[in-house]
Amino acid sequence: MSEPSKAVALPSWAEEMRQVFRAGATSQFVLHGNVFDLVPAPDGEGGTDFVSLSDFLTGTMFRPFDVVVRYDRGRGVRIEPPDPTRPDAYKGVKEVLAFLKGVDAFRSTPAAFDAVADQVEKLDLRDQLPRDPKRALEVIDRILAFARRRGKVQEGKKVAAPLKVAVVLGYAQFIAPQGDPIYVADLSQTLIQIQEWAQNPEVTSSFVATVLITENLADLNRSLVESPYSAKIRIPLPGADDIRLFVEDLVPDAAEFETASEVKRDVLADKLVGLSRVSVRTLVRRALTSGERITGAYLTRMKKELIEKEAAGRLEFLETARTLEDVAGHDEAKAWLRSDAVLLRRGRTQAIPMGYLLTGRIGTGKTYLVECLSGEIGIPCVEMKNFREKWVGATEGNLEKVFSILHALGQVIVFVDEADQMTGKRGGGDADSGLSGRVYGMLAKEMSDTKNRGRIIWIFATSRPDLVEVD
């Protein structure tokens with residue numbers, strides 16, 4: 001994989017991926033998390049361009065390779081050079097296409113490929129190559145076998161250098177979804193082929209890299225997630241520094257930015273933490289085109305709207321101007337919360353609890369107390385809404401997405417109402433195929449992470465504390 005550009009440093013996750021590949025530890029990667037966002041990449045002229053993850057992998061990470069094979073169920077197999085501007089960029093692609101012309105699984109019309117040697121740059125291969133996973137992975141498997149054989153020693157001398165091939169499987173959860181291979185047609189073949197690329201010594205010792213892209217690990221088949229032969233790398237939401245650079249790229253003219261925003265660049269970046277670059281672009285361009293100035297109120301409204309949209313309605317912001325002074329009664333609870341709020345404002349996060357459990361009958365003001373605490377501390381407060389779904393793996397995927405957003409928000413209060421219904425049970429049960437136990441396990445693991453102390457403050461509310469797990 002390529003070295004980072006002097007103008008544009010590789011993101012931390014990409015640097016980790018490059019080091020793992022160069023160490024020879026593994027050649028298969030599962031990228032998850034913020035996979036639909038824009039990624040900073042060198043534009044070839046010393047500047048920065050923001051591209052999709054798939055284009056970043058092809059044009060930046062796999063630039064030294066000869067061929068990049070991209071596949072997803074929507075667009076089928078695409079065979080491309082990583083850098084079309086390089087001399088002989090299509091040499092490897094031509095070799096692969098010439099090889100595939102004689103393969104039965106390669107669906108092509110002879111007339112379209114008569115000029116394959118000279119016109120490959122102009123061909124649209126999407127209608128000639130298969131889209132269904134079974135046949136598509138067969139084609140990719142043959143390409144990898146051809147790449148390895150190309151460098152074999154024949155009669156005492158090597159006939160050619162090995163072909164350097166990278167494979168990128170987009171929307172991998174739709175290629176190898178959750179489920180038992182016994183009950184899902186062709187799933188066992190798909191899983192075996194993908195895992196073979198990760199564990200076959202002939203493949204791993206070749207100049208071959210395979211990448212699976214999925215938003216949530218919970219949506220991908222467990223045999224791939226739990227495989228020790230692949231590296232799982234999470235792509236986080238951008239931090240404040242990343243957003244600052246992106247906003248400067250969006251609006252490079254300082255005068256134009258000052259006209260559009262009353263919030264300074266540095267302050268703006270801090271306030272937009274928790275959003276993807278795509279959402280930041282939407283927020284800024286919407287203000288520029290509508291003529292509405294970027295004010296504190298505009299940022300609050302848009303950030304709430306965009307984060308709730310990214311969370312697909314599973315997080316809802318609780319906004320209030322009230323403080324604990326507005327709460328009548330509950331004197332002991334207010335005194336405790338006030339003392340912790342002072343510690344939090346002073347940065348003494350190790351002295352405060354990881355979370356709180358509010359118990360009381362319906363109508364006693366548990367939710368109101370949380371809203372007022374949020375106003376007292378002055379940090380965002382979100383309520384976790386229903387994240388359960390009936391589809392296999394969907395609930396776990398929803399939780400994974402929610403956790404990713406919470407981590408990016410920095411300091412945040414997370415309110416879980418009716419906690420006895422939302423948090424699941426240790427061990428689960430046969431009635432829901434163990435879903436309750438898995439939800440409990442994910443929440444317990446997240447809440448017990450001491451790195452989140454003072455950053456993610458959990459507050460559970462319930463009228464039936466006897467139904468909440470003792471943990």
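The values are calculated or read from the model by the stated rules, or taken from the named source; none is laboratory data. Keep in mind that what you see is a predicted model, and the values were worked out from it rather than measured. Ideal geometry is used to build each Cβ from the backbone, glycine not excepted, and the neighbour counts take in all protein chains shown. We work out accessible area using only protein heavy atoms, side chains counted, and drop any ligands, DNA or RNA first. Shrake-Rupley method; radii C 1.70, N 1.55, O 1.52, S 1.80 Å.
Descriptive notes on the structure:
- Dipole-positive endmost among Ala172, Ala444, Phe246 within the chain (Cβ charges, Cα centre): Ala172
- Aspartates and glutamates whose Cα lies under 14 Å from that of Lys334, excluding same-chain neighbours fewer than 8 positions away: Glu325, Asp326, Glu371, Glu376
- Pairs exceeding a 26 Å alpha-carbon distance, out of Lys385/Lys451; Lys271/Lys385; Lys232/Lys271; Lys264/Lys385; Lys309/Lys425: Lys232/Lys271; Lys264/Lys385; Lys309/Lys425.
- Relative to the Cα centre, the charge distribution of the chain, modelled as +1 at Lys and Arg Cβ and -1 at Asp and Glu Cβ, gives a dipole magnitude of about 820 debye.
- A Förster radius of 22 Å combined with the Cβ-Cβ distance from Lys309 to Arg455 puts the calculated FRET efficiency at roughly 0.45.
- For the stretch 1-72, size of Cβ-based charge dipole, Lys and Arg +1, Asp and Glu -1, in debye: 240 debye
- Tilt relative to the chain, helix 12-22 - C-alpha long axis, 0 to 90 degrees, to 10: 40 degrees
- Mean separation of Cα contacts under 8 Å (6+ apart) over length of the chain, as relative contact order %: 14 percent
- Nearest-0.05 FRET efficiency for Arg348 and Ala321, computed from C-beta distance (R0 22 Å): 0.25
- Once the Cα atoms are used to define both axes, helix 435-447 deviates from the longest principal axis of the chain by about 70 degrees.
- Residue-normalised accessible area of the chain, expressed per residue, 1.4 Å probe, Å²: 48 Å²
- Helices in the chain, meaning DSSP H runs of at least 4 residues, each add -39500 (n - 2.57). Divided by all residues, the mean residue ellipticity at 222 nm is -11500 deg cm²/dmol.
- Per-pair calculated FRET efficiency, R0 = 30 Å: Ala335 and Asp471 via Cβ, rounded to 0.05: 0.70
- Cleavage-rule hits (GluC sites (Glu not before Pro)) in the stretch 202-268: DSSP loop, at most 13 neighbouring Cβ within 10 angstrom: Glu226, Glu262
- Estimated at 0.36 nm per residue, the fully extended path between Val267 and Ser448 surpasses their Cα-Cα distance by 62.0 nm.
- For the chain, the Cα gyration tensor yields ellipsoid semi-axes of 48, 28, 18 Å (square root of five times each eigenvalue, largest first, whole Å).
- In straight-distance terms, cross-link reach from Lys164 covers every one of the aspartates and glutamates whose alpha-carbon lies under 16 Å from its own, apart from those fewer than eight places away in the same chain; here that gives Asp66, Glu80, Asp83, Asp88, Glu95, Asp141, Glu202.
- Ala255 paired with Arg388, simple spin-label distance in nm, labels 7 Å along Cα-to-beta-carbon: 6.0 nm
- The loop-placed trypsin sites (Lys or Arg not before Pro) in the stretch 3-72, going by DSSP, that have at most 12 neighbouring Cβ atoms within 10 Å of their Cβ come out as Lys6.
- Taking Cα atoms only, the orientation of helix 91-100 departs from the longest principal axis of the chain by about 80 degrees.
- Estimated distance in nm for a label pair at Arg234 and Ile192, the labels positioned 7 Å out from Cα along Cα-to-Cβ: 3.4 nm
- Cubic angstrom per residue, convex hull over Cα atoms of the stretch 208-305: 134 Å³
- Summary value for the stretch 400-471: 43 percent relative contact order, contacts being C-alpha pairs under 8 angstrom separated by 6+ residues.
- Candidates Ser54, Gly76, Pro42 compared by Cα position along the dipole of the stretch 42-85: farthest toward the positive end lies Gly76, with charges placed on Cβ.
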